[in-house]
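Trainee: This is the structure I have questions about; it appears just below.
What follows is calculated from the coordinates using simple rules that are stated; it is not laboratory data. Bear in mind that the values here come from a model prediction, so they are computed numbers and not experimental data. A quick note on method: Cβ atoms are made from the backbone with ideal geometry, for glycine too, and the neighbour counts reach across all protein chains shown.
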Amino acid sequence: MLPSSERLEATLVAPGRLVVARYAAVDPARMVPVQTSIGRPRWVGFDVIAWPAVMPWGLFGRDLEPEEFRRAYRRRLHQRTPRILGELAELLAAYDPYPLALCCFEDLRDGSRWCHRTILAEWIGERVGVEVPDLEEVAATRNPSM
């Protein structure tokens, strides 16, 4: 049986248990990198756990405007809610106590780009009632000189 949102929320309550990040920002000694991107960077020298259920298959390369992409990707996430929440609970349990970093390629620090990982973070947050921050935003809050 798949876990309910309430059970999953209890797993996520610890601050920093789940973040989104670009691959280059992840420290695999401190967190578990989880691939949410369709491709995997060849330059990454550490293990990455693939999570196909949340990968945006068929949405890239279609010249979608950001809002069109957002609607299509959220629709896909909604259609897979039980599967995604169940797999997320399994990932959290399998790698406890390490945080999970849901990864893709985009560098969002300058604010000029958008990415599916921010949509995924928002969607997960809505489902389980827990904020899923971007790793670099968390780091900048802790160390404003970054």
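Trainee: Would you say Arg30 is of a type in the set (D, E, K, R) and either loosely packed, with under 11 Cβ neighbours inside 10 Å or in contact with a Lys or Arg (Cβ under 6 Å, 6 or more places away or on another chain) (or both)?
Mentor: Taking the combined requirement at face value, the residue satisfies it.
Trainee: Continuing with this model, one more query. Give all pairs with beta carbons closer than 9 Å in which a residue from region 113-130 that is without any contact (Cβ under 8 Å) to a residue 12 or more places away in the chain meets a residue that is of a type in the set (S, T, N, Q) and surrounded by fewer than 17 Cβ atoms within 10 Å (Cβ to Cβ); count only pairs at least 6 apart in sequence or on separate chains.
Mentor: Cβ pairs passing all conditions: none.
The rows are residues; the columns are (1) under 14 Å from Glu122 (Cα atoms); (2) among the charged types (D, E, K, R); (3) in contact (Cβ under 8 Å) with a residue 40 or more places away in the chain.
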| position | (1), (2), (3) |
| --- | --- |
| Gly58 | no, no, no |
| Asp63 | no, yes, no |
| Pro66 | no, no, yes |
| Arg71 | yes, yes, no |
| Arg74 | yes, yes, yes |
| Leu85 | yes, no, yes |
| Ala94 | no, no, no |
| Tyr98 | no, no, yes |
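Trainee: Okay, next question. For region 81-105, name all the residues that are surrounded by 14 or more Cβ atoms within 10 Å (Cβ to Cβ) and either more than 12 Å from the chain's Cα centre (by Cα) or in a helix (DSSP H, G or I) (or both).
Mentor: Ile84, Leu85, Gly86, Glu87, Leu88, Ala89, Leu91, Leu92, Tyr95, Tyr98
Residues checked against (1) in contact with a Phe, Trp or Tyr (Cβ under 6 Å, 6 or more places away or on another chain); (2) part of a loop (DSSP other than H, G, I, E, B); (3) of a type in the set (D, E, K, R):
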{"residue": "Val20", "(1), (2), (3)": "no, no, no"}
{"residue": "Ala24", "(1), (2), (3)": "no, no, no"}
{"residue": "Arg30", "(1), (2), (3)": "no, yes, yes"}
{"residue": "Val34", "(1), (2), (3)": "yes, no, no"}
{"residue": "Arg40", "(1), (2), (3)": "no, yes, yes"}
{"residue": "Val44", "(1), (2), (3)": "yes, yes, no"}
{"residue": "Asp47", "(1), (2), (3)": "no, yes, yes"}
{"residue": "Ala53", "(1), (2), (3)": "no, no, no"}
{"residue": "Pro56", "(1), (2), (3)": "yes, yes, no"}
